[in-house]
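The block underneath contains the structure these notes are about, expressed in structure tokens.
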Amino acid sequence: MPFMLYDVAGQPGQERYTFVRVVQLAGSSGPLANFSRNANPTHQVPFGWHATADDVIRLLGGSRATQAIVIDLKPRVTGNVSLYRLLCVWGFSAANWTPLGLCLRVLFSDRPEQNPLTFKNSFVDPGTDHTLVREFLYVQGGVSAGSWNWGMVGRVNGALLWPDAFDFLVAGLKSCEQEK
């Protein structure tokens, strides 16, 4: 699941996205680790934090006003484009790991494209969907130690949730907490 930096120009609903480069968000010197460290100078454990896409772009050396981070959710699927714009990241850093909640805006979800690679180099967002979705991931690093590399994402973790599924699962988890 690559994270890509794009230049963005034009009016909302007709924005042109032009590929700049693939970016790394994880890693001990990556923007998520740096943001968490800078926001937590007293090394409080656990530590909850929130970074906007602009914060992450700034830490990558980009231009917040004219750039965006886009996630290619299905990079290996031929004939299909699924692109999501990163809006913000919520983290809850423990000593050695950090679960993350990403808030994403749908740009294209399962759009048929004969040549996805060419399409992803430069495209216009038609502004037709823009549903907000959430994705839960984790990094293997926290306040005290760790590589801040991505944790294993497989068949049973790393869920991408649309609003109705997210609301249902959160309500269910809250009711379970009250039954303890």
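Each reported figure results from applying straightforward, stated rules to the coordinates on display, with no laboratory input. Quantities reported herein were computed from a predicted structural model and do not represent experimental measurements. Every residue, glycine among them, receives a Cβ derived from its backbone with ideal geometry; neighbour counts consider all protein chains shown.
Odds and ends about this structure:
- Rounded to the nearest 20, the Cβ-based charge dipole of the chain about its Cα centre (Lys and Arg +1, Asp and Glu -1) stands at 380 debye.
- In this rough spin-label picture, where each label sits 7 Å from Cα along the Cβ direction, the residue 118-residue 164 distance is 3.7 nm.
- Divide the volume of the convex hull around the Cα atoms of the range 56-141 by the residue count and you get 115 Å³ per residue.
- Listed residue (90, 115, 60) projecting farthest to the positive dipole end of the range 1-146, Cβ model: 60
- Descending semi-axes in whole angstrom, ellipsoid equivalent of the chain, from the Cα gyration tensor: 28, 21, 15
- Difference of contour (0.36 nm per residue) and Cα-Cα distance, residue 152 to residue 76: 25.6 nm
- The Cα center of the range 9-23 and the Cα center of the range 70-133 differ in position by 13 Å.
- Under 5 Å between amide hydrogens, built in the peptide plane, is the criterion, and for residue 23 it picks out 3, 4, 5 among residues at least 5 positions away or on other chains.
- In order along the range 122-129, phi translates into HN-Hα couplings of 7, 8, 10, 7, x, x, 8, 10 Hz, rounded to whole numbers, per the Karplus curve 6.51 cos²θ - 1.76 cosθ + 1.60 with θ = phi - 60° and x for Gly and Pro.
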